[in-house]
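A.B. asks: Questions regarding the structure given below will be posed in turn.
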Amino acid sequence: MTTENPAALGALGIRRRDKRDWKGWAFVGPFMVVFALVFLTPLAYALYLSFFQEKLIGGTAFVGLDNYVRALSDPQFWEAFGRVLIFLVVQVPIMLILALGAALALDSARLRGASFFRIIIFLPYAVPAVVAVLMWGYIYGDQFGLASNVNDFLGIDAVTPFAKEWMLVSIGNIVTWEFVGYNMLIFYSSLKTIPTDMYEAASLDGAGAWRTIFSIKIPSVRGALVIATIFSIIGSFQLFNEPNILRPLAPNVITTFFTPNMYAYNLSFAGQQFNYAATIAIIMGVITAVIAYVVQLRGSKSEVR
């Protein structure tokens, strides 16, 4: 009968575990390097810039939280933030409801040619964002395009998408047209994971189509709805392409601070205020992360219930 030293076995086990851990890091190492270079490094540099300020005399100087105090009392920043907040509250629910309705219709066995309609609804998302905005800009033009033709036909300015009171609605229409298909695909994929046994049980219990939708389908896609909502929140706070491309067509309506991202962009590239632009970007990143986290937390609690 042989006996083995427990201390030796323990040391051997530790060495084996260490070796196994290093192999794991070898696999994730390339990703971590890329993640650090393209995400952590720019974020750290932007945070670093936000604590400095370019002075007329003395060059760049450390100012601590002065840039953040300035941003939090900047009326242009809060005007831009309020605009994207309104955009988020109004546009996102409309877009998600349309996407969910489209997904439910495609999942219904009563719809013929579901594959064709699925492609048609998703197709706008495949159009490059710049091309989509230019196309809609031509449609909206009050001196040319469809809106101008309609106004000429009616003899009055009935359609004015570039008017101040309609600009946010016009941009919301473009974003909705672009991303309904993307969110529809998320919901449709989630619907396809529902076991057929649940539909059979509902049918045996006498549940109709609407009862099945509200009792089985919608609760089953709650997780996908949370994900789509988070993506939409992030996209709303990052609103930039649409107003920036439309600005030459409506320069008196779309200002340089129409959205926080446009404000940071113009501060940096037009005003050479890199430090203050970095501050705006950091604040918006924190606000977006907090709101997205709250939505995710509430969505997780709802799924548990």
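A.B. asks: In the stretch 159-222, what trypsin sites (Lys or Arg not before Pro) fall in a loop by DSSP, with at most 10 other Cβ atoms inside 10 Å?
C.D. replies: Counting only loop positions with at most 10 other Cβ atoms within 10 Å, the trypsin sites (Lys or Arg not before Pro) in the stretch 159-222 are LYS192.
A.B. asks: Given the options PRO30, PRO128, PRO260, which has the most mean-square fluctuation in a GNM of the chain, springs set between C-alpha atoms less than 10 angstrom apart?
C.D. replies: Looking only at PRO30, PRO128, PRO260, the largest GNM fluctuation is found for PRO30.
A.B. asks: Please report the carbon-and-sulfur percent of the accessible area for the chain; probe 1.4 Å, protein heavy atoms only, DNA, RNA and ligands left out.
C.D. replies: It is 67 percent, rounded to a whole number.
A.B. asks: For the stretch 277-284, what does the Karplus curve 6.51 cos²θ - 1.76 cosθ + 1.60, with θ = phi - 60°, yield as ³J(HN,Hα) per residue in whole Hz, taken in order and with x for Gly and Pro?
C.D. replies: 4, 5, 5, 4, 5, 5, 4, 5
A.B. asks: At most 10 other Cβ atoms within 10 Å plus a DSSP loop assignment makes a site exposed; report the longest stretch of the chain without any exposed GluC sites (Glu not before Pro).
C.D. replies: The segment 5-164 is the longest one with no such site.
A.B. asks: Where in the stretch 54-154 are there chymotrypsin sites (Phe, Trp or Tyr not before Pro) that are in a DSSP coil and have at most 16 other Cβ atoms within 10 angstrom of their Cβ?
C.D. replies: Within the stretch 54-154, the qualifying chymotrypsin sites (Phe, Trp or Tyr not before Pro) (loop, at most 16 other Cβ atoms within 10 Å) are PHE144.
A.B. asks: Same structure again: Which one of VAL63, VAL295, VAL175 has the biggest mean-square fluctuation once the chain is modelled by GNM with Cα springs under 10 Å?
C.D. replies: Highest fluctuation among the options: VAL63.
A.B. asks: At 0.36 nm per residue, minus the direct Cα-Cα distance, what do ALA26 and TYR48 gain on full extension? Give it in nm, one decimal, please.
C.D. replies: 4.9 nm
A.B. asks: Hey, what's the stretch 220-259 come to in accessible area per residue, 1.4 Å probe, Å²?
C.D. replies: 41
A.B. asks: Mean residue ellipticity at 222 nm from the helices of the chain, using -39,500 (n - 2.57) per DSSP H segment of n ≥ 4 over the full residue count, to the nearest 500 deg cm²/dmol?
C.D. replies: Here the helix-only value at 222 nm equals -23000 deg cm²/dmol.
A.B. asks: Rounded to the nearest whole Å², what accessible area per residue is found for the stretch 122-218 with the 1.4 Å probe?
C.D. replies: Per residue, the stretch 122-218 has 59 Å² of solvent-accessible surface.
A.B. asks: Starting from the stretch 38-119, pick out the trypsin sites (Lys or Arg not before Pro) whose DSSP state is loop and whose Cβ has at most 14 other Cβ atoms within 10 Å.
C.D. replies: Sparse-neighbourhood loop trypsin sites (Lys or Arg not before Pro): ARG110, ARG112.
A.B. asks: Here is a further query. At 7 Å along Cα-to-Cβ for each site, give me the label-to-label distance between ILE57 and ARG298 in nm.
C.D. replies: 5.2
A.B. asks: Net charge near LEU72: determine it from the other residues with C-beta under 14 Å of the C-beta of LEU72, scoring Lys and Arg +1 and Asp and Glu -1.
C.D. replies: Local net charge: -2.
A.B. asks: Can you bin the chain into rounded, prolate or oblate? Criterion: square roots of the alpha carbon gyration tensor eigenvalues sorted a ≥ b ≥ c, rounded for a/c under 1.5, prolate for a/b above b/c, oblate for the rest.
C.D. replies: Oblate, because a/c is 1.5 or more while a/b does not exceed b/c.
A.B. asks: Which far-off residues, 5 or more places away or on another chain, put their amide H under 5 Å from the one on PHE52, with H placed in the peptide plane?
C.D. replies: Distant-sequence amide H within range of PHE52: VAL63.
A.B. asks: Right, next: With a ≥ b ≥ c the root eigenvalues of the C-alpha gyration tensor of the stretch 20-149, is it rounded (a/c under 1.5), prolate (a/b larger than b/c) or oblate?
C.D. replies: Oblate shape, in that a/c is at least 1.5 and b/c is the bigger or equal ratio.
A.B. asks: Using amide H atoms built 1.01 Å from N in the peptide plane, name the residues 5+ places from ILE254, or on other chains, whose amide H lies under 5 Å from its own.
C.D. replies: Placed amide hydrogens put nothing under 5 Å from ILE254.
The values are calculated or read from the model by the stated rules, or taken from the named source; none is laboratory data. Quantities reported herein were computed from a predicted structural model and do not represent experimental measurements. Backbone-built Cβ (ideal geometry, glycine too); neighbour counts: all protein chains shown. These area figures cover heavy atoms from the full protein model, side chains too; ligands, DNA and RNA do not enter into them. Shrake-Rupley method; radii C 1.70, N 1.55, O 1.52, S 1.80 Å.
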